[in-house]
There are 2 protein chains.
Amino acid sequence: MAHGGKTRPMKGIRQLAEHLDISIGTVSRALNGKPDVNEETRKRVLAAAEQLGYVANQSGRSLRQGTTNVIGLMIQSSRETVENSDNFFLTVTGGLQSVFSRHKLDLIMLPCPHDEDPYEYLKRMVARRIVDALIISETQRVDKRFDLLAKAKIPFAALGRSLSGTQHPWADLDFDGVANAAVDRLVAHGHRRIAVSAPSSDINLGFIFVDGYRRALERHGIDYDPALVIRAKSSEQGGYQVADELLRLENGPTAVILIYELMAIGFYRRVMEAGIIPGRDIAVVSFREAPRAKFLQPALTCFRTSVHDLGVELAEILLSSMPAYSHEYPRKARQTVWPLELIPGESDAFQLTVKK
Amino acid sequence: MAHGGKTRPMKGIRQLAEHLDISIGTVSRALNGKPDVNEETRKRVLAAAEQLGYVANQSGRSLRQGTTNVIGLMIQSSRETVENSDNFFLTVTGGLQSVFSRHKLDLIMLPCPHDEDPYEYLKRMVARRIVDALIISETQRVDKRFDLLAKAKIPFAALGRSLSGTQHPWADLDFDGVANAAVDRLVAHGHRRIAVSAPSSDINLGFIFVDGYRRALERHGIDYDPALVIRAKSSEQGGYQVADELLRLENGPTAVILIYELMAIGFYRRVMEAGIIPGRDIAVVSFREAPRAKFLQPALTCFRTSVHDLGVELAEILLSSMPAYSHEYPRKARQTVWPLELIPGESDAFQLTVKK
DNA sequence: CATAGTATCGTAAACGTTTACGGAGCGCGT
DNA sequence: ACGCGCTCCGTAAACGTTTACGATACTATG
């Protein structure tokens, strides 16, 4: 042994042990609630740790036991997402945390920079072993990230379904069902020319939504008219543009289904510029992400849900796929389609007299 | 045995070294760009690492060199914050990242759970040594967290000023200036009874804003009337409530300064219910956080800024206080008051005829 | 040829934890 | 006395890196 007795490197379990005149192994066991340690000494150790403000260094800890007690939530803060997502992610975060904190798991958010490839970013984060498990958001229709995670054997759950190879856990809003119910409702009111707006079908959401719409039309024996499907951004501006395009059609719709509430603001504005009044001349139905458009006149008919509770569900799905926690969350379904609730407003509250 | 074409899961630098038949030390030096390694072998190492997908384990790395290359952004996702902050944090994140990524620093968000004490949460995160430095947001008027960080010698910068002991770096929106300019503008239009709304003065922001308002009044020789200061939440509902309270006054204001654009929505709604029209019967001025209320009629006069650029500024302030980067960001001022720009609308565009 | 200098690389010691293992003390039954 | 089972604790070996240090081979110089 060639090292001399240098004085305090300031921190560490070693110092705590010296201060207590106990071996470092015992101190560690005491702190971690291991069985073979005298209750008396355990109390002493905990007291001293508290008093000296000792908290185990995470690097050493996770190096040894290969675990960090941290769950990551990956988000891609693309310009567009940021502009339009309101507080979706922060709200989900609240739901996730309410579950994780019960298990002393911390949640951190991993925002992929605008200019970096999400796949590479995730790869880096995974290799660094900074998290034990991951929540993946903004899933693509085909998403390489899932294969990466599966191969790396990192437990994960996705916010939003995907077609990608691995049969992974996810929770998703029931946009399929929303489109369906919206069509049903509008058809019941006599509408047959119903427009729909959604993002590009590369985004799985855009695909699902229009697909649900399409199948609902089929069910009602209504022909699918591609001209009535408008791909637009899920923003106020997108809504304005949707209205604009629809106004140009010679055989326009009598009703429209918007995928985001925010779009309704722009949509209202544009049609009213043309002297068309929502709820009287055209029916409008939407999904409500956040209660932003409360002030719209006439009140928007929309589908809503608790995003917080969706976060709770997603957290439980994730934990049920992690060996260390799965016994507490036994579940058969690892994939959940989260229901939405219809909030009737005035924007579609008129019966279309059968014309033509 | 420098062959074996199959890519098997990569365990660590040791395996990479064996695969290359080079010592582990050399591999490490090659990867980290250290000088004393042959360019030839460096290329081989980098190629092999790329091909086998090797990325250094962060635990081992940071255990050894005491650094993580990660910067944390702490946010308190309280219910109220989430409801009203729009995408403030995600937008700031974008600005921060655009600077950090130039230095190969990753940004993670540390959302303090609703039910946990922010101080304790931060303490835990710091002790775990999961980040090299921190951005602190939602600063309190007096905020123990700064003392904690100063004592732990963790570099940090705050989003929002504070009174706390340590002379720490921060960047803050110029709410003081907004209140000032708003009063000036309104006074120039003939107003003398001007109401203001802000959050509780425990929140430093609430204090600063009203203080600026107060001093501006003083400058114009107008008496400060506590009845015209309404403490309210920075939400649509808060705005509604502000209007409600002001309407009850027998000697009401002719103008009002709202701290958040979102409040204007509720404010408009309430006063219009009473037959009062903004921009004709009462002047309204606000700070615009996000362009949400574009649709308001008449258009809202407000102060805006680029929150993204504020993030950039804050990141630079932080880096300039970190020894490893400070040479790249030499600056004298470690504290920045971020200016806002007036966007004239119609909501205050009328000249008050001198009455009384 | 001897020596010094230089470029490149291997060796091993850290970093702070957890944990497998074994040992000391003790009580108790044979 | 002996063995056995407890309970408690100390020792030391990992975990995956980085890096100080020394070793080796080669080059240049005398």
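Coupling constants for segment A:114-123 follow from the phi torsions by the Karplus curve (6.51 cos²θ - 1.76 cosθ + 1.60, θ = phi - 60°), and in residue order they are 3, 9, 10, 5, x, 5, 5, 4, 4, 4 Hz; glycine and proline get x. Per-residue SASA remark: B:S200, around 50 Å² accessible (1.4 Å probe; ligands, DNA and RNA not included). Please report the carbon-and-sulfur percent of the accessible area for chain A; probe 1.4 Å, protein heavy atoms only, DNA, RNA and ligands left out. Summing carbon and sulfur atoms, their accessible area is 51 percent of the total for chain A. Round to the nearest 10 and give me the degree value, 0 to 90, for the angle of helix A:88-100's Cα axis relative to the longest principal axis of chain A. Roughly 40 degrees between the two axes. The trypsin sites (Lys or Arg not before Pro) of segment A:130-163 that DSSP puts in a loop, and whose beta carbon has at most 16 other beta carbons within 10 Å, are A:K153.
Charge dipole (Cα centre; +1 on Lys/Arg Cβ, -1 on Asp/Glu Cβ; no other charges) of segment B:175-305 amounts to roughly 340 debye. Around the amide H of B:Q76, modelled in the peptide plane, lie the amide H atoms of B:C112, all under 5 Å away and 5 or more residues distant in sequence or on another chain.
Counting only DSSP H runs of at least 4 residues, each contributing -39500 (n - 2.57), and dividing by the residue count of chain B, the helix-based mean residue ellipticity at 222 nm comes to -12500 deg cm²/dmol. Sorting A:E313, A:E245 by accessible area puts them as A:E245, A:E313; the probe is 1.4 Å, largest comes first, and only protein heavy atoms count.
Phi angles of segment B:102-113 translate, via the Karplus equation with coefficients 6.51, -1.76, 1.60 and θ = phi - 60°, into HN-Hα couplings of 5, 10, 6, 9, 9, 10, 10, 9, 10, x, 6, x Hz per residue; Gly and Pro are given as x. Only protein heavy atoms count here; on that basis, with a 1.4 Å probe, A:E273 has an accessible area of about 110 Å². Mean sequence separation of contacting Cα pairs (under 8 Å, at least six apart), scaled by the length of chain A, corresponds to a relative contact order of 16 percent. Heavy-atom accessible area for B:K123, with the other protein chains in place and a 1.4 Å probe, reaches approximately 70 Å². Label separation (A:D36 vs B:R215): 6.7 nm, computed from points 7 Å beyond Cα along the C-beta direction. Taking every DSSP beta bridge that has both ends in the protein assembly as shown, the antiparallel portion is near 10%. Close amide-amide hydrogen proximity is noted between B:W338 and B:D172, B:L173, B:D174, each under 5 Å apart and 5 or more residues distant or on a separate chain (H modeled in the peptide plane; Pro and chain starts excluded). Temperature 4 °C, viscosity 1.567 mPa s: under these conditions the Stokes-Einstein estimate for chain B, based on its Kirkwood radius over C-alpha pairs, is 56 µm² per second. Each of B:H103, B:H220 has its accessible area taken with a 1.4 Å probe; listed largest first, they run B:H220, B:H103.
The values are calculated or read from the model by the stated rules, or taken from the named source; none is laboratory data. Bear in mind the structure is a predicted one, so any value in this text is a computation, not a measurement. Neighbour counts are summed over all protein chains in view; Cβ atoms, including those assigned to glycine, are modelled from backbone coordinates with ideal geometry. Keep in mind that these areas ignore ligands, DNA and RNA; they rest on the heavy atoms of the full protein, side chains included. Shrake-Rupley method; radii C 1.70, N 1.55, O 1.52, S 1.80 Å.
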